[in-house]
Amino acid sequence: MQWLSALGLIVRRLVFPPRCRVCGELLPWTRAGGMIADEAEDLVSQFHGELAPVMCAFCRRGVEVPSGQRCAACGVPLLGDISEPCLCGHCMDPARPLARVTALFLHDDGPAMAVRALKYKNKRALAPPMGRLLFVRALRAHLDAEGKRWDIDLVVPVPLHGKRLRQRGFNQASLLLCAFEDEAGLRVCHRLLRRRRETTPQAGLTRKARLKNVKGAFELTPGRDIKGKRVLLVDDVFTTGSTLTACATILKKHGASEVCALVFARRDMAR
Ligand SMILES: [Zn+2]
Ligand SMILES: [Zn+2]
């Protein structure tokens, strides 16, 4: 009956031809999703492979991964000639709540368009391929030498406030975690953190204003015990890190042993 399902697919594609979720352009015929096959492939090729079924080549242009000299913990670009891994001024403090931040892409062109279409145009079809890219990156960064055990106990999306969640209908960070679900040894806790109050959107605010905006904005859902747990926070965009830092502060306050973050794209801003 394979021919029947193939025929069904052809009919479906003729009736609902696949379109770019960003610009609406008709897409060439490709195999549907789940295209991460070769682990050795670089991240830029994986972006194109994963997103091709939902984004046209024009909207996928200009994909870049963070490069150059960067802080070993938060990834902010560093000036000067540095030969060894080194930390920025903000990360020098050993008591910093966020141990490290891994960003897949720079928040420009293709990756930025994917994030904006997902978040502001409700294009949820973009979430599974974006989530798979995050998942593969997390898998590679956090497997032990035998390639079995995660050194993460919990995966937690950065929460949206209830009002914003109702307006948007979904939390994009939660949606990105769809690829993480059902993985052995990895717990995704969608409601571990919650917003205590509504905050002004961070876009357009300075670093200082952002920090003030999110200070005390999060809390641990009552009744959750995270003592000694290693937590991976996931979000769509990293700008100054104030939201992630506020979340990490709460997690550390409640006994998490280590908090790291994984984001889809980072905006390079002066700190
Ligand atoms: Zn397009
Ligand atoms: Zn840093």
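A short reminder: the numbers here are calculations on the coordinates, not readings from a lab. Quantities reported herein were computed from a predicted structural model and do not represent experimental measurements. FYI the Cβ positions are ideal-geometry reconstructions off the backbone, even for glycines, and counts take in every protein chain you see.
Report the label-to-label distance for residue 13 and residue 151 in nanometres (one decimal), using points 7 Å from each Cα along the Cα→Cβ vector.
Taking the two extended label points, one gets 4.4 nm.
Could you work out the relative contact order of the chain, using alpha carbon pairs under 8 angstrom and six or more residues apart, expressed as a whole percent?
Dividing the mean separation by the residue count of the chain yields 19 percent.
Placing unit charges on C-beta atoms (Lys and Arg positive, Asp and Glu negative, everything else neutral), compute the dipole magnitude of the stretch 93-266 about its Cα centre in debye, rounded to 20.
840
Just rank 105, 58, fewest to most, by other beta-carbon atoms within 10 angstrom.
So the residues, fewest neighbours to most, are 58, 105.
Strictly over 25 Å apart at the Cα level, which of 119/253; 215/253; 208/253 would you flag in this model?
Pairs exceeding the cut-off: 119/253.
Out of the stretch 157-237, which GluC sites (Glu not before Pro) are coil in DSSP terms and have no more than 13 other C-beta atoms within 10 Å?
When the GluC sites (Glu not before Pro) of the stretch 157-237 are filtered for loop state and at most 13 Cβ neighbours within 10 Å, 181, 198 remain.
Skipping prolines and chain starts, which residues have an amide H placed within reach, meaning under 5 Å, of the one on residue 266, given they are 5 or more residues away or on another chain?
Here the answer is 105, 106, 107, 238, since their amide H atoms fall under 5 Å of that of residue 266.
Would you order 249, 243 from fewest to most other beta-carbon atoms within 10 Å of each residue's own beta-carbon?
Fewest-to-most Cβ neighbours within 10 Å comes out as 249, 243.
With the Cα gyration tensor of the stretch 93-266 giving a ≥ b ≥ c as the square roots of its eigenvalues, does the rule (a/c under 1.5 for rounded; else a/b larger than b/c for prolate; else oblate) give rounded, prolate or oblate?
Since a/c stays below 1.5, the shape of the stretch 93-266 is classed as rounded.
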